[in-house]
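The values are calculated or read from the model by the stated rules, or taken from the named source; none is laboratory data. Nothing here was measured: the structure is a model prediction, and the numbers come from that model. Quick reminder, even Gly has a Cβ in these numbers, built from the backbone with ideal geometry, and neighbours come from all protein chains shown. SASA here: full protein model, heavy atoms, side chains in, ligands and nucleic acids out. Shrake-Rupley method; radii C 1.70, N 1.55, O 1.52, S 1.80 Å.
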Amino acid sequence: MKLKIKKEEILKGLQRIQGVVEKKNTMPILSNMLLTADGASIEIIATDLEIGLRGRYAAEVETPGSVTVSAKKMFEIVRELPEEDIQVKVEDGNWVKIISGQSQFRLVGLPRDEYPALPDIAEEGMIAIDGDTLRDMIKKTLYAVGENDARYVLNGLFVHMTQVKGGLNIRMVGTDGHRLSMIDRVIDAKHKEESVIIPRKAMLELRRLLEEDAPKTELRIGFSKNHALFKRDGLVMVSKLIDGNYPNYLQVVPAKSTKKVTVSKEVFTHAVKRVSILSKEKTNAVKMQLEKDRLVLSTNNPEVGEASEELAVDYKGEGIAIGFNSRYLMDVLMAMDRATIALELNDALSPCLITEEGNEHYKCVVMPMRV
């Protein structure tokens with residue numbers, strides 16, 4: 001194999017796969033990527049057996065061929081190369097030689113036969129969705145998804161599709177048992193009613209891919225029994241689905257509440273941030289005292305000190321004192337875009353519903369804690 005490629009072209013491909021390749025050395029070949037050269041392009045594939053990413057990049061191919069080589073080392077080398085043009089050739093014994101200007105590197109490669117193949121997924125019935133719509137939905141829900149939760153279904157984003165009057169309603173839900181985030185968007189598409197659970201890591205990588213390019217680019221999504229497929233401009237991502245039944249998340253979303261307060265998102269965010277500086281590191285507990293037209297945030301940490309801040313709010317109901325993990329509140333606030341938010345409460349032990357003013361399609365729930 002012998003080829004010539006522009007630095008920025010191969011760097012784009014190498015950057016994309018860094019989050020996919022396996023960091024833990026369970027199978028050494030999984031920290032490698034598969035590089036295949038044919039025609040006027042190269043194909044870069046990476047997988048950790050859960051997620052696979054495949055992309056094509058323009059190159060001048062002199063001799064076609066393929067090899068697997070360390071994705072991390074290849075990325076680190078290419079990133080530092082001085083010249084725009086890079087030559088890559090495979091020598092006997094799968095040695096990969098990289099030449100740019102006066103720099104030369106030789107990396108140990110492995111034959112392609114040992115590299116696991118990506119699953120083949122039929123492309124019928126794929127849904128087209130705007131890149132920025134999908135990116136926004138992931139951003140608003142992914143923070144609430146569990147990490148290494150014993151209830152393994154919570155380690156993924158629940159996606160539920162239903163046909164409605166105006167098109168296809170896509171609902172995304174993330175929860176780890178302490179907080180929940182749910183968003184609905186209607187897109188112009190037809191699809192059977194279906195629910196899947198997509199792993200957190202796959203959604204994280206998908207969000208990265210959607211953030212790097214023109215957000216308007218359309219993306220196509222498809223599902224098989226065990227996999228999800230995402231396609232865009234020659235870039236293909238495949239992910240295993242989490243097998244299991246997602247819990248009944250609607251039972252934790254308060255249907256109605258007795259107390260509702262509206263507040264400026266920016267003012268509330270900064271106040272929570274300041275007051276939580278002195279909260280206990282283990283619990284991040286912040287107390288919220290709500291009275292007529294005022295909201296007082298406070299923390300009390302015997303080892304460090306105490307803090308309180310009063311905000312003027314639009315509230316006419318009964319007084320209530322409730323505690324929250326400030327980190328969970330901050331995650332919700334950072335995901336919201338509108339200037340005004342509403343907090344809906346019932347009592348000190350019931351979940352708190354947080355919504356954006358004028359947007360009924362996005363709901364966040366945070367469970368209270370004793371303070």
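Charge dipole of the chain (Cα centre as origin; +1 on each Lys and Arg Cβ, -1 on each Asp and Glu Cβ, all else neutral): 560 debye, rounded to the nearest 20. At q = 0.25, 0.26, 0.27 Å⁻¹, what log₁₀ I(q)/I(0) does a Debye calculation on the Cα points of the range 152-191 give, no solvent, two decimals? These q points yield log10 I(q)/I(0) values of -0.77, -0.80, -0.83.
Over all distinct Cα-Cα pairs of the range 4-112, the Kirkwood formula returns a hydrodynamic radius of 13.8 Å. Around the amide H of Val313, modelled in the peptide plane, lie the amide H atoms of Arg294, Leu295, all under 5 Å away and 5 or more residues distant in sequence or on another chain. When only Cα pairs below 8 angstrom with a gap of at least 6 residues are kept, the range 215-371 shows a relative contact order of 21 percent.
Counting Lys +1, Arg +1, Asp -1, Glu -1, what net charge surrounds Lys292 among other residues with beta carbon under 12 Å of its beta carbon? Computed value for this residue: -1.
Plainly put, the chain has a radius of gyration that is 1.06 times its Kirkwood radius, both from alpha-carbon atoms, as the Rg/Rh ratio. Rolling a 1.4 Å probe across all protein chains gives Thr283 an accessible area of roughly 50 Å². Scattering from the range 86-215 was approximated by placing one identical point on each alpha carbon and applying the Debye formula without solvent; log10 I(q)/I(0) at 0.09, 0.12, 0.13, 0.15 1/Å stands at -0.45, -0.67, -0.73, -0.83. For the range 282-297, the residues whose amide N sits under 19 Å from a probe point set 7 Å from the Cα of Asn148 along the beta carbon direction are 282-283.
As a length-normalised measure over Cα pairs under 8 Å and 6 or more apart, the relative contact order of the chain settles at 12 percent. In the chain, what percent of the accessible surface is made up of carbon and sulfur (1.4 Å probe, ligands and nucleic acids excluded)? Looking at the chain in its full context, I get 48 percent from C and S.
Take the Cβ atoms of Glu211 and Lys23, set R0 to 22 Å, and the FRET efficiency comes out at 0.55.
The Glu266 and Ala58 beta-carbon pair, evaluated with R₀ = 41 Å, returns a calculated FRET efficiency of approximately 0.40. Take the Cα of Lys316, step 7 Å toward its Cβ, do the same at Asp132, and the gap between the two points is 3.8 nm. Given a 1.4 Å probe and the protein chains as shown, Glu76 ends up with an accessible area of around 60 Å². Averaged over its residues, the chain has an accessible area of 50 Å² per residue, based on protein heavy atoms and a 1.4 Å probe. Counting Lys and Arg as +1 and Asp and Glu as -1, what is the net charge of the other residues whose Cβ lies under 10 Å from the Cβ of Leu107? Around Leu107, the surrounding residues sum to +3. Listed values for the range 238-244 are Karplus-derived 3J(HN,Hα) couplings in whole Hz (6.51 cos²θ - 1.76 cosθ + 1.60, θ = phi - 60°), namely 10, 9, 5, 9, 7, 8, x, and x replaces Gly and Pro.
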